Amino acid sequence: LSSGDADLVRSAWDKVKHSEVDILAAVFSAHPDIQAKFPAFVGKDLASIKGSAAFALHATRIVSFVSEVLALAGNSATVPAIKTLVNQLGQNHKNRGVTKDQFNEFRASLTSYVSGHAPWGDNVAAAWNHALDNVYEIIFSNL
Ligand code: HEM
């Protein structure tokens, strides 16, 4: 990812990164099969778990991971560090039985959330998609 594209993605992410609970709720609401993969949340009503500490903790872990990767993006020197982090994520999720389809569902919900809550032009959309294409190529190579 170019440093310019990384900056565009980071500025969009900065607008939503404090809405971690809302982001995870949007993902679960659109894709109950994703919620069902979480031992702590399977079979529960989304409205009843959304305010819980466990929900906030999981939401924060996911958002922090994205922030961690984005902090490294746009610099060829940090590509190996990104690959290590994302390969680990891919392996962890493979071990939990998460599928490519579910990762694609997650991507669709996340993109929908960010594009609706951050200034979103063609340039931002292109940078966002490029970033996610890069990360998903690494994740999918592990699944
Ligand atoms: C745990 C991030 C997609 C299911 C985690 C954790 C992170 C994370 C950081 C905690 C660390 C760990 O245990 O690995 C992400 C990111 C995703 C993604 C960045 C997309 C790019 C998904 C999808 C599913 C999923 C699509 C399910 C269909 C889980 C489960 C856990 C988990 C079940 C363990 C929760 C527990 O500890 O009980 N994820 N995840 N994740 N993720 Fe994801």
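The values are calculated or read from the model by the stated rules, or taken from the named source; none is laboratory data. On a predicted model such as this, the values are computed, not experimentally measured, just so you know. FYI the Cβ positions are ideal-geometry reconstructions off the backbone, even for glycines, and counts take in every protein chain you see. The accessibility values were calculated without ligands, DNA or RNA, using every heavy atom of the protein model including side chains. Shrake-Rupley method; radii C 1.70, N 1.55, O 1.52, S 1.80 Å.
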* Hey, among ALA118, ALA59, which residue is closer than 22 Å to PRO39 by Cα and modelled with pLDDT of 95 or more? -> ALA59
* **Among the candidates VAL66, VAL79, VAL21, residue that is within 15 Å of the chain's Cα centre (by Cα) and under 23 Å from ASP133 (Cα atoms)** => VAL66
* Restricting the stretch 92-106 to residues that are in a loop (DSSP other than H, G, I, E, B) and within 6 Å of the ligand (Cβ to nearest atom), which is surrounded by the most Cβ atoms within 10 Å (Cβ to Cβ)? -> VAL98
* Quick one: would you say ALA53 is touching a helix residue (DSSP H, G or I) at 6+ places or on another chain (Cβ under 8 Å) and loosely packed, with under 14 Cβ neighbours inside 10 Å? -> no
* Structure fact -> Condition set assigned to a helix (DSSP H, G or I) and free of Cβ contacts under 8 Å to residues at least 24 places away in the same chain, scope the stretch 116-132, selection farthest from the ligand (Cβ to nearest atom): answer is ASP122
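Would you mind stating whether LEU89 is more than 9 Å from the ligand (Cβ to nearest atom) and either open to solvent by less than 60 Å² (accessible area, probe 1.4 Å) or of a type in the set (S, T, N, Q) (or both)?
Taking the combined requirement at face value, the residue does not satisfy it.
Residues are listed down the side, and each one gets a yes or a no for (1) among the aliphatic types (A, V, I, L, M); (2) without any contact (Cβ under 8 Å) to a residue 60 or more places away in the chain; (3) touching a Gly at 6+ places or on another chain (Cβ under 8 Å):
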{"position": "HIS58", "(1), (2), (3)": "no, yes, no"}
{"position": "ALA73", "(1), (2), (3)": "yes, no, no"}
{"position": "THR78", "(1), (2), (3)": "no, yes, no"}
{"position": "ILE82", "(1), (2), (3)": "yes, yes, no"}
{"position": "GLN88", "(1), (2), (3)": "no, yes, no"}
{"position": "GLN102", "(1), (2), (3)": "no, no, no"}
* Is it the case that the stretch 2-24 has a residue that's surrounded by fewer than 16 Cβ atoms within 10 Å (Cβ to Cβ), of a type in the set (Val, Ile, Thr) and in contact (Cβ under 8 Å) with a residue 12 or more places away in the chain? -> no
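Every residue, every condition in (1) within 12 Å of the chain's Cα centre (by Cα); (2) open to solvent by 50 Å² or more (accessible area, probe 1.4 Å), yes or no:
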| residue | (1), (2) |
| --- | --- |
| THR111 | yes, no |
| VAL114 | yes, no |
| HIS117 | no, yes |
| ASP122 | no, yes |
| ALA126 | no, yes |
| ALA131 | yes, no |
| VAL135 | yes, no |
| ILE138 | no, no |
* Asked: If you go through the stretch 32-70, how many residues are away from the ligand (no atom under 14 Å from the Cβ) and part of a helix (DSSP H, G or I)?
  -> 3
